[in-house]
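Below is one structure, written out as structure tokens; the observations come after it.
The values are calculated or read from the model by the stated rules, or taken from the named source; none is laboratory data. For clarity, every value in this text was computed on a predicted model and none was experimentally measured. Neighbour counts are summed over all protein chains in view; Cβ atoms, including those assigned to glycine, are modelled from backbone coordinates with ideal geometry. Protein only, heavy atoms only, side chains kept; ligands, DNA and RNA dropped before computing areas. Shrake-Rupley method; radii C 1.70, N 1.55, O 1.52, S 1.80 Å.
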Amino acid sequence: MSAVWAAEGLVAGVPAGTVLRSAVFQLSVPSDAPDRTTCPRCAAAVPRWLLIRCGHCGHHFGTLGALELATATVLGLLFGRFGGQPEMLAFSFLGALGVALAAIDLSVQRLPDRLVLPAYPVVIVLLTIAALTGHAEGSLVRALLGGLVLSGTYLALALLRPGGIGGGDVKLAGLAGLALGWLGWPTLMAGAALGFMLSGVVSMALIAARRLTMQSMISFGPFMLAGALLATLAGAR
């Protein structure tokens, strides 16, 4: 882990989190509802970008600094992990996007297609550039296969147990598979397993605390993303 690169990731994460705040605010609505465009307190119209607080009533959109801190932490870890390697851009893009997706999923149990689907060509292009500049064509092929394998696995689980895994989880799994597959099959398997382990541990803790029941549904996207991040940080270079 490079301390210098980690510090640069921390610095870059703050403005990135501020930019992501707009998407999180607008898309934190049920899937069949229109984007949020007004202040939830006073109903005044809000700008599309750089949403921090309402200019009319002063209401803060979300916990102040939380999204920026989370994005800075994730980018600091990823910058430190990859330290200027060609694939750093792809993983950092996914890391920042993952923060926004996790925030939305925790809020309304939704992984919007408008964020997930356009990320596919972006990640594939960035990994292709990394493969060509780093002479890692084999890693690119493995990344593409990893995306297919992980999304296919989640699709099978969704079909076997309807309601447990959502369509958004299946699509997000393909993105996670691209990144984890780049790092190797052991990392892919570890990331997938960690997502389910984290979900199970947190679910049992919440049930024990009487915050959930055995019939409750929780957002799985944040656990998938957390498992992928942990596996990425622990994976071999």
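Just grab the label-to-label distance for Ala33 and Leu132, each label 7 Å out from Cα along the Cβ direction, in nm (one decimal).
Taking the two extended label points, one gets 4.4 nm.
Quick one: if you stick a label point 7 Å off each Cα along the C-beta vector at Cys42 and Leu148, how many nm between them?
The modelled label-to-label distance comes out at 5.5 nm.
Treat each spin label as a single point 7 Å out from the Cα along the C-beta direction, and report the Leu159 to Ser107 distance in nm.
Those two pseudo-labels are separated by 3.4 nm.
Count the net charge of all other residues whose Cβ sits under 15 Å from the Cβ of Phe25, scoring Lys and Arg as +1 and Asp and Glu as -1. Working shown, then result.
Numbers: positive: Arg21, Arg36, Arg41, Arg48, Arg53, Arg110, Arg114; negative: Asp35, Glu68, Asp105.
Result for the local shell: +4.
Once you sort the root eigenvalues of the Cα gyration tensor of segment 31-118 as a ≥ b ≥ c, which label holds: rounded (a/c under 1.5), prolate (a/b larger than b/c) or oblate (the other case)? Let's see the in-between values first.
Values: a/c = 2.71, a/b = 1.77, b/c = 1.53.
It is prolate, given that a/c is not under 1.5 and a/b is the larger ratio.
Among rounded, prolate and oblate, which fits segment 71-155 when a ≥ b ≥ c are the square roots of the eigenvalues of its C-alpha gyration tensor, a/c under 1.5 means rounded, and a/b larger than b/c means prolate? Let's see the in-between values first.
Details: a/c = 2.30, a/b = 1.29, b/c = 1.78.
The shape class here is oblate.
Starting from the Cα gyration tensor of the chain, take the square roots of the eigenvalues, sort them a ≥ b ≥ c, and report rounded, prolate or oblate (rounded when a/c is under 1.5, otherwise prolate if a/b is larger than b/c, else oblate).
oblate
Less than 14 Å Cβ to Cβ from Pro47, Lys/Arg counted +1 and Asp/Glu -1: what total charge do the surrounding residues give?
+3
If you build a Gaussian network model of the chain, linking Cα atoms that sit under 10 Å apart, which residue out of Asp105, Asp169, Asp113 swings the most?
Asp113
Which percent of the accessible heavy-atom area of segment 89-211 goes to carbon and sulfur, probe 1.4 angstrom?
73
State in Å² the accessible area per residue of segment 92-237; use a 1.4 Å probe, count heavy atoms of protein chains only, and round to the nearest integer.
49
Using a 1.4 Å probe on the protein heavy atoms only, what accessible surface does Phe79 show? Give it in Å² to the nearest 10.
That residue has around 30 Å² of solvent-accessible surface.
What net charge is computed for the residues neighbouring His60, neighbours being all others with C-beta under 12 Å from the C-beta of His60, Lys and Arg scored +1, Asp and Glu -1? Numbers along the way, then the final one.
Details: positive: Arg21, Arg41, Arg53; negative: none.
Neighbour charge sum, excluding His60 itself: +3.
Ignoring ligands, DNA and RNA, how do Arg41, Arg81 rank by accessible area with a 1.4 Å probe, largest first?
On the way: Arg41 160, Arg81 10 Å².
Largest accessible area first, the list is Arg41, Arg81.
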